[in-house]
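Student: Quick one: structure below, then a few questions.
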Amino acid sequence: MSFSLPVSPDLLCQRFDAPGVNALVIMGSHARGDAGPYSDIDLVRLVDEAKAEVAGAGSHLLGDILVVVSNVTPSKAERWFTEPTAAVESIVGVRQARPLLDRQAAFAAIQARAHAFAWDETLQMKADLWASEQMVGWVEEAHKGLEGLRRQDPGRLLNACFGLSWGLTSVVKVQRGILTSGDNGFYHEVRAAVGAESLWSQLCAISFGVAEVHDRPPSLRERVVAGLSLYVATAELLRDALQPEHAPLIAQTVTLIQNKLEDAYHGAS
């Protein structure tokens with residue numbers, strides 16, 4: 001795998017090294033070797049706990065190259081291994097990362113830990129609880145979607161669209177412990193893990209607006225209908241993970257969606 005940067009590594013070190021910085025690490029598309037002409041450089045700085053606010057974090061333009069700098073303290077790095085929401089988003093990126101500077105092998109130790117990482121029972125219990133809570137949280141978006149369909153209201157439909165696509169896909173990603181390569185791979189990798197040809201994945205594709213309906217892009221209304229059906233499919237997928245205190249509300253929402261979509265179907269026929 002090739003590793004090249006459109007900006008000199010020495011320049012990055014000179015510009016973004018500072019007291020309290022223990023490592024400068026390239027992550028994302030440039031570390032993977034699949035960056036394009038508009039890809040930004042993701043530069044992670046490992047910093048001392050007391051230096052969490054080291055100056056320079058944020059977005060910078062070096063010529064016409066965007067460099068996004070983030071500070072990671074030891075406590076934040078620890079969450080990559082102990083919190084399911086952080087693990088699914090970070091472990092693969094840490095495995096693929098390329099250090100530019102690594103004082104006292106601070107990053108090497110973290111990367112070795114990432115390579116040895118395994119999703120365990122403790123993480124799964126945390127993931128199940130988080131996913132169950134999220135399914136309750138997205139009930140509001142389901143109601144917005146139903147009311148938006150009733151009123152033909154773009155505002156409500158647009159509000160519903162995010163939770164019934166990105167939101168539900170994130171729920172499955174975390175509950176299933178799907179270690180994703182990054183934001184760009186999120187959609188394909190979660191669908192592949194569930195089954196690219198499964199009903200869940202088909203509904204997911206329509207809710208995101210990337211699958212055709214009747215040989216054309218789906219309308220906003222069709223995306224929300226698919227998203228509501230995705231809520232039902234996600235509840236079924238996560239049935240064993242739903243917590244007793246959350247399950248009744250989720251089941252009630254599933255029944256409401258099924259009844260209202262069936263009524264709408266019969267009303268249109």
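The values are calculated or read from the model by the stated rules, or taken from the named source; none is laboratory data. Just so you know, these numbers come straight off a predicted model, no measurement behind them. Quick reminder, even Gly has a Cβ in these numbers, built from the backbone with ideal geometry, and neighbours come from all protein chains shown. We work out accessible area using only protein heavy atoms, side chains counted, and drop any ligands, DNA or RNA first. Shrake-Rupley method; radii C 1.70, N 1.55, O 1.52, S 1.80 Å.
Student: What pairs come out if I take residues in the stretch 145-173 that are farther than 18 Å from Leu261 by Cα and pair them with residues that are among the β-branched types (Val, Ile, Thr) and not in a helix (DSSP H, G or I) whose C-beta lies under 7 Å away, six or more apart or interchain?
Tutor: Lys173/Thr180
Student: Just to be sure before I move on: is Gly93 open to solvent by less than 50 Å² (accessible area, probe 1.4 Å), touching a residue at least 40 places away in the same chain (Cβ under 8 Å) and assigned to a helix (DSSP H, G or I) in the structure I sent?
Tutor: Considered against the rule, which asks whether it is open to solvent by less than 50 Å² (accessible area, probe 1.4 Å), touching a residue at least 40 places away in the same chain (Cβ under 8 Å) and assigned to a helix (DSSP H, G or I), Gly93 comes out as yes.
Student: Are any residues in the stretch 160-185 open to solvent by 10 Å² or more (accessible area, probe 1.4 Å) and part of a loop (DSSP other than H, G, I, E, B), and if so, which ones?
Tutor: Within the stretch 160-185, Arg176, Gly177, Ile178, Leu179, Ser181, Gly182, Asp183, Asn184, Gly185 qualify.
Student: Find the helices (runs of 4 or more DSSP H) located wholly in the stretch 197-269 whose residues include 1 or more that are of a type in the set (Asp, Glu) and within 20 Å of Asp128 (Cβ to Cβ), and list them. Reasoning before the result, please.
Tutor: Numbers: elements: 199-208, 220-237, 247-268.
It comes to 220-237.
Student: Given the criteria touching a Phe, Trp or Tyr at 6+ places or on another chain (Cβ under 8 Å), under 29 Å from Ser29 (Cβ atoms) and touching a residue at least 12 places away in the same chain (Cβ under 8 Å), does Val190 qualify?
Tutor: Values: touching a Phe, Trp or Tyr at 6+ places or on another chain (Cβ under 8 Å): no; under 29 Å from Ser29 (Cβ atoms): yes; touching a residue at least 12 places away in the same chain (Cβ under 8 Å): yes.
No, not satisfied.
Residue-wise test of (1) exposed (fewer than 15 other Cβ atoms within 10 Å of the Cβ); (2) outside any helix (DSSP H, G or I).
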| residue | (1), (2) |
| --- | --- |
| Ser4 | yes, yes |
| Val7 | no, yes |
| Leu11 | yes, no |
| Leu24 | no, yes |
| Ala31 | no, no |
| Gly36 | yes, yes |
| Ala55 | yes, yes |
| Ser59 | yes, yes |
| Val69 | no, yes |
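Student: Consider the stretch 105-134. How many of its residues are within 29 Å of Ala247 (Cα to Cα) and either touching a Cys at 6+ places or on another chain (Cβ under 9 Å) or not acidic (Asp, Glu) (or both)?
Tutor: We begin by selecting, within the stretch 105-134, every residue within 29 Å of Ala247 (Cα to Cα); these are 118-134.
If we keep only those that are either touching a Cys at 6+ places or on another chain (Cβ under 9 Å) or not acidic (Asp, Glu) (or both) too, we end up with 118-119, 122-127, 129-132, 134.
The number of residues fulfilling the criteria is 13.
Student: Condition first: among the acidic types (Asp, Glu), under 25 Å from the mean Cα position of the chain (by Cα), surrounded by 14 or more Cβ atoms within 10 Å (Cβ to Cβ) and at pLDDT 95 or above. Can you find one or more residues in the stretch 224-243 that meet it? So that I can check it myself, show each step before the final result.
Tutor: Applying the first criterion (among the acidic types (Asp, Glu)) to the stretch 224-243 yields 236, 240.
Checking which are under 25 Å from the mean Cα position of the chain (by Cα) leaves us with 236, 240.
Among the residues that remain, those that are also surrounded by 14 or more Cβ atoms within 10 Å (Cβ to Cβ) are: none.
Scanning the stretch 224-243, I find no residue that is among the acidic types (Asp, Glu), under 25 Å from the mean Cα position of the chain (by Cα), surrounded by 14 or more Cβ atoms within 10 Å (Cβ to Cβ) and at pLDDT 95 or above, so the answer is no.
Student: Scan the stretch 201-260 for residues that are under 24 Å from Ala127 (Cβ atoms) and of a type in the set (Asp, Glu) and jot them down.
Tutor: Glu236, Asp240, Glu245, listed by residue number.
Student: Now a separate question. Going residue by residue through the stretch 41-48, is there one that turns out to be open to solvent by less than 30 Å² (accessible area, probe 1.4 Å), charged (D, E, K, R), touching a strand residue (DSSP E or B) at 6+ places or on another chain (Cβ under 8 Å) and part of a strand (DSSP E or B)? Steps first, answer last, please.
Tutor: Of all residues in the stretch 41-48, those open to solvent by less than 30 Å² (accessible area, probe 1.4 Å) come to 41, 43-47.
Now drop any that are not charged (D, E, K, R), which leaves 45.
Right, trim to touching a strand residue (DSSP E or B) at 6+ places or on another chain (Cβ under 8 Å) and you get 45.
With the extra rule that they be part of a strand (DSSP E or B), the set shrinks to 45.
Scanning the stretch 41-48, I find at least one residue that is open to solvent by less than 30 Å² (accessible area, probe 1.4 Å), charged (D, E, K, R), touching a strand residue (DSSP E or B) at 6+ places or on another chain (Cβ under 8 Å) and part of a strand (DSSP E or B), so the answer is yes.
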